[in-house]
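All remarks here apply to the structure that follows.
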Amino acid sequence: MSDTVLIDEPMPGVARLTLNRPDKLNALTYEMVEALHDALDRVDADHECRAVILTGAGKGFCAGLDLNGFGVVPGTEDLGRVQQGMATQQIIAEVVHHMRDVRQPIISAINGAAAGGGFAFACASDIRYCGESAKFGTAFVRLGLSGCDIGVSWMLPRLIGASRAWELLLTGRVFDSAEADRLGLVSRVVPDDTLEDTVLAVAAEIAANSPFGVWMTKEAMWSNLEISSLRAGIDLENRNQIMASQTADARLGMSGLPGQSREWTNS
């Protein structure tokens, strides 16, 4: 696996993915995006993993696309500029789908700049915490492009409301951690030197719960952002609850006995 994305286990049951181009504020290249896809596959397949932390090495979370050279998607070398650009667009945007499909909750620990694609990855996370030095920006419209990119125009209005999202997408302005907190984009702002401990504590709380119950919660929450009616949303919840109630974790949890089996699948 490329060293542009590092995987470690800071505590049992918790995987940490670190974007690792600190000298470039973790700007995205083809190699890094492919490494991130690979890392997401690996944690999703790890049945000992209960929660995932996404962060950046050095002083930035992710500054977005490396404008000095993203690289060429293999197989597109002989295609035109538009076709190559579309291939690049798709492979980056697919990270958002991939993050949503991973069974474990993904917690972004946002240190420093989260711009462009980095901002999109933060929005695609299930939970977001940031340090006081964090800065955010959609940026795209200031580069002569549409402000709608990598799923942000779908995710951001659902996180902070349509009116606020429109203002940010149309201006492309940079905003700080305090405003991110006021907007409800992040769960909490903490001093930079406590960000890691804060996120690990939240990951530990999640890891202590039934993995199947957590998986079904993540799945239902994302699905209900797309479902068009209360009835359909409740129908999905009902089915998930009945499935989860048949697991050993649920029987143990409702018995009042301490501890859980902590298994992804059990009878």
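For every residue, the table says whether it meets (1) assigned by TED's automatic domain parsing to the domain that holds G64; (2) of a type in the set (G, A, S); (3) in contact (Cβ under 8 Å) with a residue 60 or more places away in the chain.
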position: A134; (1), (2), (3): yes, yes, yes
position: G144; (1), (2), (3): yes, yes, no
position: M155; (1), (2), (3): yes, no, no
position: L159; (1), (2), (3): yes, no, no
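Table: residues versus (1) in a helix (DSSP H, G or I); (2) modelled with pLDDT of 95 or more.
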{"site": "P74", "(1), (2)": "no, no"}
{"site": "E77", "(1), (2)": "no, no"}
{"site": "T88", "(1), (2)": "yes, no"}
{"site": "E94", "(1), (2)": "yes, yes"}
{"site": "A114", "(1), (2)": "no, yes"}
{"site": "R158", "(1), (2)": "yes, yes"}
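Only residues that are surrounded by 15 or more Cβ atoms within 10 Å (Cβ to Cβ) and out of contact with any Lys or Arg (no Cβ under 7 Å at 6 or more places or on another chain) were counted in region 12-24, giving 8. Close contacts from region 196-218, counting a first residue that is of a type in the set (S, T, N, Q) and a second that is surrounded by fewer than 18 Cβ atoms within 10 Å (Cβ to Cβ) and modelled with pLDDT of 95 or more, with Cβ to Cβ under 8 Å and a gap of 6+ residues or different chains, come to T198/R188.
Of everything listed in (1) outside the structural domain of A45 (by TED's automatic domain parsing); (2) in contact with a Gly (Cβ under 9 Å, 6 or more places away or on another chain), the single unmet condition for D192 is (1).
Take A122 and tell me if it is of a type outside the set (V, I, T) and in a helix (DSSP H, G or I). For A122, the condition - of a type outside the set (V, I, T) and in a helix (DSSP H, G or I) - is met.
Between E196, E226, E205, E167, the distinction of being over 28 Å from E48 (Cβ atoms) and under 21 Å from the mean Cα position of the chain (by Cα) belongs to E226 only. Between S177, S210, S228, the distinction of being in contact with a Lys or Arg (Cβ under 8 Å, 6 or more places away or on another chain) and under 30 Å from F140 (Cβ atoms) belongs to S177 only.
The listed residues are R42, R50, R21, and the only one of them that is in contact (Cβ under 8 Å) with a residue 60 or more places away in the chain and of a type in the set (K, R) turns out to be R50. Per the listing A109, A203, the residue uniquely in contact with a strand residue (DSSP E or B) (Cβ under 7 Å, 6 or more places away or on another chain), part of a helix (DSSP H, G or I) and not hydroxyl-bearing (S, T, Y) is A203. Looking at region 138-147, is at least one residue assigned to a loop (DSSP other than H, G, I, E, B), touching a Phe, Trp or Tyr at 6+ places or on another chain (Cβ under 9 Å) and under 21 Å from P22 (Cα atoms)? Looking through region 138-147, at least one residue is assigned to a loop (DSSP other than H, G, I, E, B), touching a Phe, Trp or Tyr at 6+ places or on another chain (Cβ under 9 Å) and under 21 Å from P22 (Cα atoms).
Looking at region 131-149, is at least one residue among the charged types (D, E, K, R), farther than 29 Å from M216 by Cβ and surrounded by 17 or more Cβ atoms within 10 Å (Cβ to Cβ)? Yes: region 131-149 contains one or more residues that are among the charged types (D, E, K, R), farther than 29 Å from M216 by Cβ and surrounded by 17 or more Cβ atoms within 10 Å (Cβ to Cβ). Of the residues making up region 69-86, none is within 28 Å of E205 (Cα to Cα), buried (at least 20 other Cβ atoms within 10 Å of the Cβ), free of Cβ contacts under 8 Å to residues at least 60 places away in the same chain and hydrophobic (A, V, I, L, M, F, W, C). Given the structure, is E48 of a type in the set (D, E, K, R), outside any strand (DSSP E or B) and assigned by TED's automatic domain parsing to the domain that holds L143? The answer is yes for E48.
Figure legend. Inter-residue proximity from region 97-111: first residues within 21 Å of R188 (Cα to Cα) and in the same structural domain as A15 (by TED's automatic domain parsing), second residues of a type in the set (D, E) and not in a loop (DSSP other than H, G, I, E, B), beta-carbon distance below 9 Å, spacing 6+ or different chains. Indicated pairs: Q104/D44; A109/E196; N111/D192; N111/E196.
The values are calculated or read from the model by the stated rules, or taken from the named source; none is laboratory data. This is a predicted model, so every value here is computed, not measured. Cβ coordinates were reconstructed from backbone atoms using ideal geometry, including for glycine residues, and neighbour counts include every protein chain displayed.
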